[in-house]
1. Could you list, in sequence order, the residues of segment 82-120 that are without any contact (Cβ under 8 Å) to a residue 40 or more places away in the chain, buried (at least 19 other Cβ atoms within 10 Å of the Cβ) and either more than 12 Å from the chain's Cα centre (by Cα) or assigned to a strand (DSSP E or B) (or both)?
2. Assuming residue 65 fulfils every condition listed in (1) without any contact (Cβ under 8 Å) to a residue 40 or more places away in the chain; (2) within 13 Å of the chain's Cα centre (by Cα); (3) part of a strand (DSSP E or B) apart from one, which condition is it?
3. Here are some conditions: (1) in contact (Cβ under 8 Å) with a residue 40 or more places away in the chain; (2) over 10 Å from the mean Cα position of the chain (by Cα); (3) buried (at least 16 other Cβ atoms within 10 Å of the Cβ). Residue 152 meets all but one. Which one does it not meet?
């Protein structure tokens, strides 16, 4: 992990499963442990974290896990999700979502709604395989986008 006299920096995630190591690089990452302690870290500091699984009550997104696995696109396979603590709007957590290939490659999901996921700013509906992203374009004007899995693709189905 690299931190330039602050709490946000690059991170290289190294995961191991059945003796095989997988790596995923994140350009901007911070964690609750680092952010709330008012510490500064020298450049190129290596920080090791144990995996903290998301709580059962956290069906899709986790507030406290630095990274976790969750099926956020309803395809039956868990994606690798990096929690970017307080990197979203209004001090919410933002999330980077990656597909994990059988060969250990991480492919970032760059399509909406996966680039818009923030805690408290989205809702998952597993029954209808839908994600609603809440937003605003002003002081008192809300905009909600609902996306749904249709024919293997997530599509915008409702705009309010």
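1. Passing the criteria: 94, 95, 97, 118.
2. Residue 65 satisfies all of (1) without any contact (Cβ under 8 Å) to a residue 40 or more places away in the chain; (2) within 13 Å of the chain's Cα centre (by Cα); (3) part of a strand (DSSP E or B) except (3).
3. Every listed condition holds for residue 152 apart from (3).
Only the coordinates and a few stated rules stand behind these numbers; no lab work does. Being a predicted model, the structure only gives us computed values, none of them experimental. Methodologically, a virtual Cβ is constructed for each residue, glycine included, from the backbone with ideal geometry; neighbour enumeration extends over all protein chains shown.
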